[in-house]
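The values are calculated or read from the model by the stated rules, or taken from the named source; none is laboratory data. Everything numeric in this text was worked out from a predicted model, so none of it was measured. Glycine also receives a Cβ, built like all others from the backbone with ideal geometry; neighbour counts cover every protein chain displayed. Side chains included, ligands, DNA and RNA excluded: accessible areas come from the protein's heavy atoms. Shrake-Rupley method; radii C 1.70, N 1.55, O 1.52, S 1.80 Å.
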Amino acid sequence: MSRYVAPGEPGSPVDFATRYDHFIGGEYVPPATGRYFANPSPVTGAQFTEVAVGSTDDMAHARKQ
């Protein structure tokens, strides 16, 4: 059985950004509120990235695109 190096560790075949914004109109756009939530790993439960919190302002911006 193969064992892979964890994401973010040297030699890992997978790389994650530390923070993800909204993807609107082909571009990454920070959330209007500036808020993000912690996204834990399903394997360890430890936070490995942050994800943008959407708001009605973000939805309105997306509808304009």
Spot the failing condition for F37; the list is (1) outside any strand (DSSP E or B); (2) touching a residue at least 12 places away in the same chain (Cβ under 8 Å), and only one is missed.
-> (1)
When residues of the stretch 35-58 are filtered for being open to solvent by 50 Å² or more (accessible area, probe 1.4 Å) and at pLDDT 95 or above, how many remain?
-> 8
Taking interchain pairs and intrachain pairs at least six residues apart, which have beta carbon atoms under 9 angstrom, with the first residue in the stretch 1-14 and on the phi > 0 side of the Ramachandran plot and touching a residue at least 24 places away in the same chain (Cβ under 8 Å) and the second in a loop (DSSP other than H, G, I, E, B) and among the β-branched types (V, I, T)?
-> G8/V14; G8/T18
Identity of the residue in the stretch 7-34, open to solvent by less than 90 Å² (accessible area, probe 1.4 Å) and polar (S, T, N, Q), that ends up farthest from the chain's Cα centre (by Cα) | S12
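Say whether the condition of being assigned to a helix (DSSP H, G or I), at pLDDT 95 or above and of a type in the set (S, T, Y) is met by at least one residue in the stretch 8-20. Walk me through how you get there before you give the answer.
Step one: list which residues in the stretch 8-20 are assigned to a helix (DSSP H, G or I), which gives none.
No, the stretch 8-20 contains no residue that is assigned to a helix (DSSP H, G or I), at pLDDT 95 or above and of a type in the set (S, T, Y).
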Select from the stretch 35-65 the residues that are within 16 Å of the chain's Cα centre (by Cα) and of a type in the set (K, R) and list them in ascending order.
-> R35
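In the stretch 38-65, what residues are touching an Asp or Glu at 6+ places or on another chain (Cβ under 7 Å) and under 30 Å from R3 (Cα atoms)?
Passing the criteria: A38, N39.
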